[in-house]
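Working notes for the structure below.
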Amino acid sequence: MLADSHCHLNYKGLVEEQSAILTRARDRGVTAMLNISTRESEWDAVIATAEREPDVWATVGIHPHEADAHPHIDTAKLIERARHPRVVGIGESGLDYYYDHSDRARQQASFRSHIAACRETGLPLVVHTRDAEEDTAAILSEEMGKGAYPGVIHCFTASGDFADKALALGFYISISGIVTFKSAKDLQETAARLPLERLLVETDAPFLAPVPHRGKTGEPSFVADTAKFLADLRGETVEQLTQATAENFHRLFAKTRA
Ligand SMILES: [Zn+2]
Ligand SMILES: [Zn+2]
């Protein structure tokens, strides 16, 4: 068992050869892939892939970069599309103050509307956060006070302190290929100490190809390389790590078991 908790199979670079990419992933032991939405115009295609492929599931959501372009996507719209049997999570949503492609106040409002959809549906939130630790932690915990909701911090690159806050809120933490980069010493230190029962792995394909594929278009088969690196880093066997992270994936995204 091996689960890629975050990929974009309908993005340019992957969508053109989706079936070959899925075959390569299955050949390397990948048994589950979560196809993530970032804007409304791709929801249909993202869901269609999940309808066609038994080991692919979908999310609906608006990336923080896209918040300005989607003032009409509210909690009700998210809930409506999340009723689809292959939609197992809400996101990706969150805050990105590194690129600031959307107004920060709009990013925050969009983030809160996604959280409300999670609270109503019970589906997990897929959180994107970059250079916005403080506001992300504040919103997650403030919203938790209105009623619990599950979730994951995807492509985790934040501080150890933020990891501890997310864990305390019950969140899972998903590690991408960035952990294999030589420059990622702080992330490696944090990833080495995260509790195994809260850990997920992902590619964020087509982005962030791990060592030894750097420079290539990322694809879900590469999650095997990240899992191997992470297992070595943590002193676990790759079987232990892949099984635990896949079990965690299906526990968090419980609708995948329906
Ligand atoms: Zn992201
Ligand atoms: Zn993503």
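In segment 38-54, the residues that are more than 16 Å from ligand 2 (Cβ to nearest atom) form Cβ pairs under 8 Å with partners that are in a helix (DSSP H, G or I) and open to solvent by less than 10 Å² (accessible area, probe 1.4 Å), at six or more places apart or across chains, as follows: E53/L22.
For the structure I just gave you, tell me whether I79 is of a type in the set (A, V, I, L, M) and within 17 Å of L140 (Cβ to Cβ). So I79 does not fit the description; no. On the stretch given as segment 138-164, residues that are crowded, with 18+ Cβ neighbours inside 10 Å and either charged (D, E, K, R) or away from ligand 1 (no atom under 12 Å from the Cβ) (or both) total 9. Of all residues in segment 64-77, those satisfying the criterion of being surrounded by fewer than 24 Cβ atoms within 10 Å (Cβ to Cβ), in contact (Cβ under 8 Å) with a residue 12 or more places away in the chain and not charged (D, E, K, R) are H65, A69, H70, P71, I73, T75.
Do we find a residue being within 16 Å of ligand 1 (Cβ to nearest atom), open to solvent by 30 Å² or more (accessible area, probe 1.4 Å) and under 30 Å from E16 (Cβ atoms) anywhere in segment 179-197? No; the residues of segment 179-197 include none that is within 16 Å of ligand 1 (Cβ to nearest atom), open to solvent by 30 Å² or more (accessible area, probe 1.4 Å) and under 30 Å from E16 (Cβ atoms).
Residue count for segment 213-242 satisfying the condition of being open to solvent by 10 Å² or more (accessible area, probe 1.4 Å) and closer than 16 Å to A25 by Cα: 9.
With respect to the conditions (1) in contact with a strand residue (DSSP E or B) (Cβ under 7 Å, 6 or more places away or on another chain); (2) open to solvent by 30 Å² or more (accessible area, probe 1.4 Å), I173 lacks only one, and its number is (2).
Let's see how each residue does on (1) within 20 Å of F111 (Cα to Cα); (2) within 16 Å of ligand 1 (Cβ to nearest atom):
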| position | (1), (2) |
| --- | --- |
| V15 | no, no |
| L22 | no, no |
| A25 | no, no |
| T31 | no, no |
| I36 | yes, yes |
| R39 | yes, yes |
| V46 | no, yes |
| V60 | yes, yes |
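The values are calculated or read from the model by the stated rules, or taken from the named source; none is laboratory data. From a predicted model like this one, the values you see are computed outputs, not experimental measurements. Because the Cβ atoms are built from the backbone with ideal geometry, glycine has one as well, and the counts that use them run over all protein chains shown. Quick note on the areas: whole protein, heavy atoms, side chains included, nothing else; ligands and nucleic acids left out. Shrake-Rupley method; radii C 1.70, N 1.55, O 1.52, S 1.80 Å.
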